[in-house]
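Working notes, structure below.
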Amino acid sequence: MTLSREPAEPAKATLLVEVKAPGNPLPTLGEDESYTLEIDGTHATLRAAQSVGALRGLETVLQLLQGDRDGWYLPAVTLSDRPRFPWRGLLIDVSRHWMPMEVLERNLDGMAAVKLNVLHLHLTDDQGFRVESRRFPRLHEQGSDGLYFTHEQLRELIAYAADRGIRVVPEFDMPGHVSSWLVGHPELASIPGPYTIERKWGIFDPTLDPTREQVYQFLDGFLGEMAAIFPDPWMHIGGDENTGNYWRVNPAIQSFMASNRLADSHALQTYFGDRVAKLLQKHGKKMMGWEEILHSTLPKGAVVQTWRGPKALAETARQGHTGILSWGYYLDHMLPAALHYTVDPLPADAKRMAEEANRWVPASWYHRFRFKPPEASAVVREQDAARVLGGEACMWAEYVDPETLDSRIWPRMAAVAERLWSPREVTDVKDMYRRMARISVQLEELGLMHERSGDLLLRRLAGSSEPGPLRVLARLVEPVKFYDRQVQFKEAMQGTPLTRLVDAARPESLEARAFWGSVDDLLADTPRFDRGADQLTRTLHQWREIHPELARTLERSPALHEARPLGGALLVLAETGLEALSYLRSGTAPRQGWREQALQRIDEASRPQGQVELAVIQPLRELVLAAALQPEAPTLPAAEWHARVKTEALAAIPKPPEKKKK
């Protein structure tokens, strides 16, 4: 069907949108987002029960849109579509690093494009109190460095999100993660102040004092003020990572616990949570919190957000509460889209999900982190499945700022969005990457900076308008995974510029993934080893040929000195890969000792530098092992030989040193 820009009467329209009812004035949980779409050679008809369904359908129309030299057109299709889960969210942390309105608005555009419907704003933490309080102005005046949202801005943001069918859920973390609260109000603390805004990352001891009525009077006023701004029924109170240390050293708190028969810090936090839940109920709100809030007296209607594993989700549902899954969707862990895609709040086979997820665990973490097959208690029972509302991806902001945020969210967020929208039977990872590449381009057209920000940083680092070889290197490295960046760069703090190679590198190297695909093609073509060989040869030659210029660039820029070893490592990998290819293509067995020497060179090249690591290590191990195992190839079925190569390549990953027992 060819599209025209000219308006037309409904009977003559090429694109007709029919909505039965407008729906709710603001997005609500559980509203009807379904739609049908029929496109033939002359027109398209989109039908929805509510306007939000029409919004979702129009995003599908945009995704289907194609063009050629004759103009824009839509392919013929008939579909009936609806979301699998009603809660499909993205958490953005604006506390650790401030994110202004324009950043949130462009990410809301991206969320709408992939049919997400909840923006979870993490507004307060130890590093910043990011919301204006007119009732208690010292909160934002002394706890934010002047970087916070006014009431008017929040209402503008809520309206902007609502126009896109997206709810906004605020989080005010308590009773821990409250250093920024206590800067202006030390009288609320468990031990005397003064307090300062935290500038480093980690879990800190400052907590509210849950034994003092003054704290609840304060929270009553504050939560009432926020309830008047945020229309969503749920308000997130955090409730996570409370060390309890300041409670244990306060004699008055310990005396209160003894008098009220509160056995430990968890019992005291439960008491606090019950009191806050009543305050929220008073102001017409329901409580939401991290899995630490789950206890026997948790009020019905609360939502539990699980972050440490699926067992908490199963327990939440077993106890009769609703929950959402965030474990497996932490975007700041810098994991591949495929891993996020394999994580399902309600998997058809939980054991198989764990096995599939393990395929995408980064090689550098192979021996340190594995998804374990779940115990029976970690699986949501069929009778409890309706209590699982969906999931939320989390973008924690220790190592992102307004310039780099988009590149850490997109396009991987699209994979999570599909997992939460589409049927669980849709699991083809290869096809997901094909579609994600197209969505990534569409997101760029919406104004998201996930591609452009990396190139901007590279040009600054290289001191040139054309980064050239530095771009090649940057596309082959990934930031270290999980929390290794914090471990390897202990000096990092809130004011540390995020302008290094690690900030320009993508969370997932698509070039490395393509390289691995070529290796797989080559090794599947045993014993000829023709398929993919030319592409691999060209790639390895490119790595070798750029070395002189890359080395000069890394030496010339002081900001790149920490990455200098990567230039030599890439050269070593290129030469090692070419040697392995030569043995495979010629049918020649490697010389004695070559396998051990080649693997040692790869191990040395795999060491992180400046909190990035080369992402092509494992496919090169496979090339080396394939060359070494080549004499066995004619004696085994191709699939069996290929599987053996992969198994030995995994076994060749050096194991981390064991921690000494104290």
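General remarks:
- Taking the chain and dividing mean pair separation by its residue count, relative contact order in percent (alpha carbons under 8 Å, at least six apart): 10 percent
- Counting DSSP beta bridges with both ends in the chain, the antiparallel % (nearest 5): 35 percent
- Each DSSP beta bridge with both residues in the stretch 99-236 is either parallel or antiparallel, and the antiparallel ones are about 25%.
- Thr207 exposes around 0 Å² of accessible area when a 1.4 Å probe is run over every protein chain in place.
- Of the residues Met235, Met493, the one with the largest accessible area comes first in the ranking Met493, Met235, computed with a 1.4 Å probe on protein heavy atoms.
- In degrees, nearest ten, helix 547-556 long axis to first principal axis of the chain (Cα): 40 degrees
- The candidate values were [x] 14, 33, 26, 12, 8, 5, 2, 1, 0; [y] 14, 33, 28, 16, 8, 1; [z] 17, 47, 31, 6, 0; the one computed from these coordinates for P(r) over Cα pairs in 20 Å bins from 0, in percent carries the label [z].
- The stretch 464-546: chymotrypsin sites (Phe, Trp or Tyr not before Pro) falling in loop per DSSP and having at most 14 other Cβ within 10 Å: Tyr483
- The chain - mean residue ellipticity at 222 nm from DSSP helices (-39,500 (n - 2.57) per run, n ≥ 4, rounded to 500): -12500 deg cm²/dmol
- For the stretch 234-329, applying the loop criterion from DSSP together with a ceiling of 11 other beta carbons within 10 Å to the trypsin sites (Lys or Arg not before Pro) yields Arg261, Lys300.
- Convex hull volume of the C-alpha atoms in the stretch 334-401, normalised per residue: 124 Å³.
- Each Lys and Arg adds +1 at its Cβ and each Asp and Glu adds -1 at its Cβ; summed about the Cα centre, the stretch 1-148 shows a dipole of about 280 debye.
- In sequence order, calculated HN-Hα J values of the stretch 81-88 (Karplus, 6.51, -1.76, 1.60; Hz; x Gly/Pro): 10, 7, x, 6, 10, x, 10, 10
- Applied to the stretch 62-68, the Karplus parametrisation 6.51 cos²θ - 1.76 cosθ + 1.60 on θ = phi - 60° returns per-residue 3J(HN,Hα) values of 5, 5, 7, 4, 10, x, 9 Hz, with x for Gly and Pro.
- Contact order normalised by residue count of the stretch 453-609, Cα under 8 Å, 6+ apart, percent: 23 percent
- Of all accessible heavy-atom area on the stretch 155-256, the percent that carbon and sulfur account for (1.4 Å): 54 percent
- Basic side chains Lys and Arg get +1 at the Cβ, acidic Asp and Glu get -1 at the Cβ, and with that the dipole of the stretch 33-80 about its Cα centre reaches some 100 debye.
- Residues of type lysines that Lys655 reaches as a straight line, Cα spacing below 20 Å, ignoring anything fewer than 8 places off in the same chain: Lys372, Lys481, Lys646
- Its relative contact order, with pairs defined as Cα atoms under 8 Å and 6+ residues apart, puts the stretch 98-218 at 28 percent.
- Residues whose amide H comes within less than 5 Å of that of Lys286, counting only those at least five positions distant or on another chain, are Trp234, Met235 (H built at 1.01 Å from N in the peptide plane).
- Heavy atoms of Thr404 accessible to a 1.4 Å probe, total area in Å² rounded to 10: 0 Å²
- The C-alpha atoms of the chain define a longest principal axis, and helix 638-651 lies at about 60 degrees to it.
- Computed with a 1.4 Å probe over protein heavy atoms only, the accessible area of Val429 comes to about 20 Å².
- FRET efficiency estimate (nearest 0.05) - Cβ-Cβ, Ile229 to Lys200, R0 35 angstrom: 0.70
- Projecting the Cα atoms of Ala252, Leu280, Thr270 onto the charge dipole of the stretch 246-287 (Cβ charges, centred on the Cα centre) puts Leu280 farthest toward the positive pole.
- The length gained on full extension between Gln254 and Ser464, counted as 0.36 nm times the residue separation minus their Cα-Cα distance, comes to 69.4 nm.
- Full-stretch length increase - Arg591, Glu604 - with 0.36 nm per residue and alpha-carbon distance subtracted: 2.6 nm
- Coil-residue trypsin sites (Lys or Arg not before Pro) of the stretch 340-388, DSSP, other Cβ within 10 Å capped at 14: Arg359, Arg368, Arg370, Arg381
- Degrees, to the nearest 10: 101-113 long Cα axis against longest axis of the chain: 70 degrees
The values are calculated or read from the model by the stated rules, or taken from the named source; none is laboratory data. Quick caveat: nothing in here was measured; it's all calculated off a predicted structure. With ideal geometry, Cβ positions are generated from the backbone for all residues, glycine too; neighbour counts draw on all protein chains shown. To get the accessible areas, we keep the full protein, side chains included, count just its heavy atoms, and leave off ligands, DNA and RNA. Shrake-Rupley method; radii C 1.70, N 1.55, O 1.52, S 1.80 Å.
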